[in-house]
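Q: I'd like to ask some things about the structure below.
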Amino acid sequence: MASLCIDSKNLALLGGPQAIVEEVDPKLFHWPITTEEDEQAVLDVIRAGNMSAVDITKKFEAEYAAWIGCEYALGTCNGTAALLEAFWACGVGAGDEIICPAMTYWASAAPALALGASVNFADIEPDTLCLDPDDIEHRIGKRTKAIVVVHYAGHPADMDRIMPIARKHGVKVIEDVSHAHGSLYKNRMCGTLGDIAAASMMAGKSFAIGEGGMLTTSDRELYERAVAFAHYERTGGPSRYAKSESAVNGDLARFAGIPIGAVKHRLNQTASAMGRVQLKYYPQRIAEIQRAVNRFWSLLEDVPGLRPHRVKWADSTMGGWYHARGLYDASELHGLSCEKFCEAIRAEGFADCTAGANAPLNSHAMFHDADLFNQGQPTVLAFGQRDVRQGPGCLPVSDHAHETVFGIPWFKHDDVELIEMYAAAYRKVASHAEQLAAS
Ligand SMILES: *Cc1c(COP(=O)(O)O)cnc(C)c1O
């Protein structure tokens, strides 16, 4: 054991000094960035006594739609609600199926069950960590209504390969943009690439306003269906998009006054007010995040086994680089496991480094046995669906993500010295891989 103490460059995990020593300014990671302008906007709403209307939300929606470049935006109480609306708008109903990548947050898929549909989980690509375009078509059946794509950790899904498959089979594409507000795919904004999109804006997300969500589309019919589902007071009435029409959503206008989804998804006005302020500064703030994370990766370019999770297409970006990740190859690091690598990084002083990402959903009991409608059988089968349940091992890339994906610091500021210090920690652990693997 004595030898461990002699080498001052040894890993912290093996008794050496930590690479991350400085007291790091909490601002480096703090998010969202708020100023007096956010506070004033929220205060104005409280003082005006109109926390529960839609006037501020409509302004926020118009600005958000203009920013991402779509016709319609609809604020919701959270991202899960926006996804449920999007599913229903696309015609997902009892006995139908959707296709969704297995490695994502549960809300990308679970709203299908609430509508009596089931989920056929597909695998992800090892480099993009997004839906694998080669694992979609064979899953499409007579009852498949929608394909959900998740722009994972800010990385755009390969829409040029996904959309033609969907179009060929007449299946709608729903983008889950909860990780990718502001991400560009070949010069087009994520959230404008499929038929309809939903984004979370909860406090931990890249675009953060507390609890909130945003549905976006350029399809008038899908928009009106989403309104009717959960925004009863806007159903059939004049909207921002149709000021003078009284029955803009045709047959659905009969349901005005009661949401046809029997749920209420209105966004709080304090959150909308904060969202308007956040939106003003968001493009410049994510540009700085992109500079910072790109700087981190450029410092590690020559390190074997560690690769950026970064977009390879021209005119494309990682947006706010939500929960930035790296791609790990143990074969270049003397077989050192990704989990052990992350443990060593944590010992060096970066506590948030973990292996993997969202646990694959295909193995979760919710998508096997849950009986939401008290029918005495699993909801994924109860409406006559095909049995598309899949257990562990069916989707190899998603199932092994804990061996190939690791966390990196989600820098919010391009602080050169601190980024160099974090990069040095990753380099240090990688350069001791052989020793660590043997320990
Ligand atoms: C956070 C998240 C959601 C759900 O959004 P909420 O606002 O928490 O309801 C949906 N999909 C993905 C991919 C998410 O990360």
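Q: Looking at (1) more than 30 Å from residue 414 (Cβ to Cβ); (2) among the small types (Gly, Ala, Ser); (3) surrounded by fewer than 21 Cβ atoms within 10 Å (Cβ to Cβ), can you tell me which one residue 261 breaks?
A: With respect to (1) more than 30 Å from residue 414 (Cβ to Cβ); (2) among the small types (Gly, Ala, Ser); (3) surrounded by fewer than 21 Cβ atoms within 10 Å (Cβ to Cβ), residue 261 is out only on (3).
Q: Can I ask one more? Which ones in the stretch 369-392 are loosely packed, with under 15 Cβ neighbours inside 10 Å and under 24 Å from the mean Cα position of the chain (by Cα)?
A: Hits for the stretch 369-392 are 391, 392.
Q: Could you please give the count of residues in the stretch 29-64 that are modelled with pLDDT of 95 or more and either in contact with a Leu (Cβ under 9 Å, 6 or more places away or on another chain) or of a type in the set (Val, Ile, Thr) (or both)?
A: Number of matching residues: 12.
Q: Is it true that some residue in the stretch 288-308 is more than 20 Å from the chain's Cα centre (by Cα), of a type in the set (Gly, Ala, Ser), part of a loop (DSSP other than H, G, I, E, B) and under 25 Å from residue 331 (Cα atoms)?
A: Within the stretch 288-308 (the criterion being more than 20 Å from the chain's Cα centre (by Cα), of a type in the set (Gly, Ala, Ser), part of a loop (DSSP other than H, G, I, E, B) and under 25 Å from residue 331 (Cα atoms)), the answer is yes, since at least one residue qualifies.
Q: Now for a different question. Identify, please: which residue in the stretch 42-69 is of a type in the set (A, V, I, L, M, F, W, C) and under 19 Å from the mean Cα position of the chain (by Cα) and is, among those, surrounded by the fewest Cβ atoms within 10 Å (Cβ to Cβ)?
A: Result: 67.
Q: How about the stretch 14-123: which helices (runs of 4 or more DSSP H) wholly inside it have at least 3 residues that are under 30 Å from residue 139 (Cβ atoms) and within 16 Å of the ligand (Cβ to nearest atom)?
A: Helices (runs of 4 or more DSSP H) meeting the threshold: 79-89, 111-114.
Q: For the stretch 213-228, give me each residue that is over 17 Å from residue 68 (Cα atoms) and either within 16 Å of the ligand (Cβ to nearest atom) or part of a loop (DSSP other than H, G, I, E, B) (or both).
A: Residue satisfying the conditions is 226 alone.
Q: Which one of these is at positive phi, at pLDDT below 95, of a type in the set (Gly, Ala, Ser) and in contact with a Lys or Arg (Cβ under 8 Å, 6 or more places away or on another chain): 250, 236, 257?
A: Going through 250, 236, 257 in turn, the sole match is 236.
Q: Having 2 or more residues that are within 16 Å of residue 282 (Cβ to Cβ) is the bar; report the strands (runs of 3 or more DSSP E) wholly within the stretch 128-205 that clear it.
A: 196-200
Q: Related question: Do the conditions hold for residue 393, that is, is it part of a loop (DSSP other than H, G, I, E, B) and small (Gly, Ala, Ser)?
A: Taking the combined requirement at face value, the residue satisfies it.
Q: Out of all the residues in the stretch 279-296, is one or more at pLDDT 95 or above, surrounded by fewer than 20 Cβ atoms within 10 Å (Cβ to Cβ) and hydrophobic (A, V, I, L, M, F, W, C)?
A: yes
Q: Also, I was wondering about something else. What do you reckon, is residue 338 in contact with a strand residue (DSSP E or B) (Cβ under 8 Å, 6 or more places away or on another chain) and farther than 24 Å from residue 206 by Cβ?
A: Taking the combined requirement at face value, the residue satisfies it.
Q: Out of all the residues in the stretch 167-205, which are in contact with a His (Cβ under 7 Å, 6 or more places away or on another chain) and away from the ligand (no atom under 16 Å from the Cβ)?
A: Correct list: empty.
The values are calculated or read from the model by the stated rules, or taken from the named source; none is laboratory data. Here the structure is a predicted model, which means the values were calculated and not measured. A quick note on method: Cβ atoms are made from the backbone with ideal geometry, for glycine too, and the neighbour counts reach across all protein chains shown.
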